[in-house]
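Colleague: Structure provided below as structure tokens; questions to follow.
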Amino acid sequence: VTTLRSARASDVWLRGILSSLYRIRPATRADVGRHARLNNASVSRGLNQLIDAGIIRKLGELESGGGRPRDLLAINPDAAGFVAVDLEGIAVRFAHTDFLGGIRRRWEAAVPLGHFFPVDKVFEGIDIVLRDATPGERDRVQAIGVSFPGLMTKEGLLTAVNLGWRDVPLERLLRDRFRLPVFLERDEGTSIRAERSHGRAKEARNWIYLIVSNGVGVGLVVDGRHVAGHTHMSGELGHVTIDSNLDVRCQCGKYGCLETVASTPAIVQYYGDLTGHPPASLAEISLSHIFELARRGDPAAVTTVERAGRALGLALSHAVNLLNPELILLGGDIVAGQDVLTPLLRKELGRHVLPHLARVVEIAASDLGPDVRLRGAASLAFHGCLAEPHLLARLCKLPEST
Ligand SMILES: [Zn+2]
């Protein structure tokens, strides 16, 4: 019993230290202790073990006025690696990453609209990003992280409309093919992970991630936890009713949904209607182009952006009143229009949110670019390995404890 208990205690230090150093780069021993909520003795024992194993490095020393110089510590990015896969939308992306989720090699395959995307192509993508890896790098790959759209059953069967997949046992197929642990998470979960590990939400405990693309959705983080919901379907802001008089029918069958006004296709459609573009030519208009025209004062573009901003701001204001967030992070296609949208969102929050709640919420845009979910999938694999004792032992090159 004693051995078991002490084994578990050391797992707690190792997990705490590694997840702190994943987020704070570099950090002092005191930073690690504070972030991981560990006492000095645990931090020292865990750090010594990880430094001996080559997983953590001392980068140098921080001079402190009068006191002892403090070691600056960081995870050695070469100590391990992961494979990350993003099954989103119109392209499937693959990466071989280092320990910290830095992308070493990436590749992507287009997903033709309305076509079936064969699982073999996923195998091929992983083979491609690992092809140039040295045998040592290949050995150090610990796990595969996958960001997926759509729905997964408890039995691990994935249904993803964009890929033409119905009940695909992806986890089992990948595990059998590559003999590696596989971790899968829905795309809003991986996006949130990426922003917490690498992006603008490193410090935030209560925040809303607003993603506008073909649909509109939010990721909700409350007291540091991603709120997934009873059946993992939370965050459907796109189907909040913003105007029950709207006569456009939403994909969900309702009328008046935010998505019919503020998704990327809906915004483009509205601009096309205002300017008399023939429907066939709409595919050539991008949201960033409309934002650029609005910046230059083009009246149709200004009206279009204002309408979308009003609708997004109104829907968000309900979420802000309910959740009291510190940050609204903009993601997806609206990142390109953050400068024109933010004042519109602020104005709506000012109208519909309690003054104190509106005052304390910051609005910012994601700076992680199109690889955000790949970075999140690597972070998922990292944290997945920390959570499972036998994978943590393998990662830290420890003898298995139980
Ligand atoms: Zn709807």
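Colleague: Looking at the range 51-61, is at least one residue touching a residue at least 12 places away in the same chain (Cβ under 8 Å), surrounded by 12 or more Cβ atoms within 10 Å (Cβ to Cβ) and acidic (D, E)?
Modeller: No, every residue in the range 51-61 fails to be touching a residue at least 12 places away in the same chain (Cβ under 8 Å), surrounded by 12 or more Cβ atoms within 10 Å (Cβ to Cβ) and acidic (D, E).
Colleague: Let me ask another. Residue pairs, Cβ under 7 Å, 6 or more apart or interchain, first in the range 262-291 and within 23 Å of L330 (Cα to Cα), second open to solvent by 60 Å² or more (accessible area, probe 1.4 Å) and among the acidic types (D, E). List them.
Modeller: T264/D333; L287/D333
Colleague: Please go through the range 293-322 and pick out each residue that is free of Cβ contacts under 8 Å to residues at least 12 places away in the same chain, open to solvent by less than 60 Å² (accessible area, probe 1.4 Å) and in a helix (DSSP H, G or I).
Modeller: Hits for the range 293-322 are L293, V302.
Colleague: State which residue is nearest to G89 (Cα to Cα) when the search covers only the range 250-292 and only residues that are within 16 Å of the ligand (Cβ to nearest atom) and open to solvent by 70 Å² or more (accessible area, probe 1.4 Å).
Modeller: The selected residue is Q251.
Colleague: Further question on the same structure: Enumerate the strands (runs of 3 or more DSSP E) found wholly within the range 145-242, keeping only those where 1 or more residues are more than 16 Å from the ligand (Cβ to nearest atom) and without any contact (Cβ under 8 Å) to a residue 24 or more places away in the chain.
Modeller: Hits in the range 145-242: 158-160, 165-168.
Colleague: With respect to S10, is the statement that it is farther than 18 Å from A377 by Cβ, open to solvent by 30 Å² or more (accessible area, probe 1.4 Å), assigned to a helix (DSSP H, G or I) and of a type in the set (S, T, N, Q) true?
Modeller: No.
Colleague: Of all residues in the range 159-172, count the ones that are buried (at least 17 other Cβ atoms within 10 Å of the Cβ) and within 15 Å of F123 (Cβ to Cβ).
Modeller: The number of residues fulfilling the criteria is 5.
Colleague: Look at D247 and say whether it is assigned to a loop (DSSP other than H, G, I, E, B), more than 8 Å from the ligand (Cβ to nearest atom), acidic (D, E) and within 21 Å of G313 (Cβ to Cβ).
Modeller: So D247 does not fit the description; no.
Colleague: Collect the residues in the range 84-97 that are among the acidic types (D, E) and surrounded by fewer than 20 Cβ atoms within 10 Å (Cβ to Cβ), keeping them in residue-number order.
Modeller: Within the range 84-97, the first condition is being among the acidic types (D, E), and the residues that meet it are 86, 88.
Scanning the range 84-97 gives no hits.
Colleague: Among residues belonging to the range 354-367 that are open to solvent by 10 Å² or more (accessible area, probe 1.4 Å) and touching a helix residue (DSSP H, G or I) at 6+ places or on another chain (Cβ under 6 Å), point out the one that is farthest from V212 (Cα to Cα).
Modeller: Within the range 354-367, the first condition is being open to solvent by 10 Å² or more (accessible area, probe 1.4 Å), and the residues that meet it are 354-360, 362-364, 366-367.
After this cut, where a residue has to be touching a helix residue (DSSP H, G or I) at 6+ places or on another chain (Cβ under 6 Å) as well, the list is 357-358, 363, 366.
Values: L357: 23, A358: 21, I363: 15, S366: 12 Å.
So, considering only residues that are open to solvent by 10 Å² or more (accessible area, probe 1.4 Å) and touching a helix residue (DSSP H, G or I) at 6+ places or on another chain (Cβ under 6 Å), the one farthest from V212 (Cα to Cα) is L357.
Colleague: Given the criterion at pLDDT 95 or above and crowded, with 19+ Cβ neighbours inside 10 Å, identify the matching residue among G350, G337.
Modeller: On inspection, the qualifying residue turns out to be G337.
Colleague: Based on this model, can you work out whether A300 counts as within 13 Å of the ligand (Cβ to nearest atom) and aliphatic (A, V, I, L, M)?
Modeller: So A300 does not fit the description; no.
Colleague: I've got another one for you. For G101, state whether it is assigned to a strand (DSSP E or B), in contact (Cβ under 8 Å) with a residue 60 or more places away in the chain and either of a type outside the set (A, V, I, L, M) or in contact with a strand residue (DSSP E or B) (Cβ under 8 Å, 6 or more places away or on another chain) (or both).
Modeller: no
Colleague: I would also like to ask the following. All but one of (1) modelled with pLDDT of 95 or more; (2) open to solvent by 30 Å² or more (accessible area, probe 1.4 Å) hold for V129; state the number of the condition that does not hold.
Modeller: With (1) modelled with pLDDT of 95 or more; (2) open to solvent by 30 Å² or more (accessible area, probe 1.4 Å) applied to V129, the lone miss is (2).
Colleague: Here are the criteria: (1) within 18 Å of G337 (Cα to Cα); (2) open to solvent by less than 10 Å² (accessible area, probe 1.4 Å); (3) modelled with pLDDT under 95. Tell me which single one S213 does not satisfy.
Modeller: (2)
The values are calculated or read from the model by the stated rules, or taken from the named source; none is laboratory data. Treat the numbers as computed from the prediction; the structure is a model and nothing was measured. In this analysis, Cβ positions are derived from the backbone assuming ideal geometry, glycine residues included, and neighbour counts consider all displayed protein chains. Side chains are part of the model used for accessible areas, which takes the heavy atoms of the whole protein and leaves out ligands, DNA and RNA. Shrake-Rupley method; radii C 1.70, N 1.55, O 1.52, S 1.80 Å.
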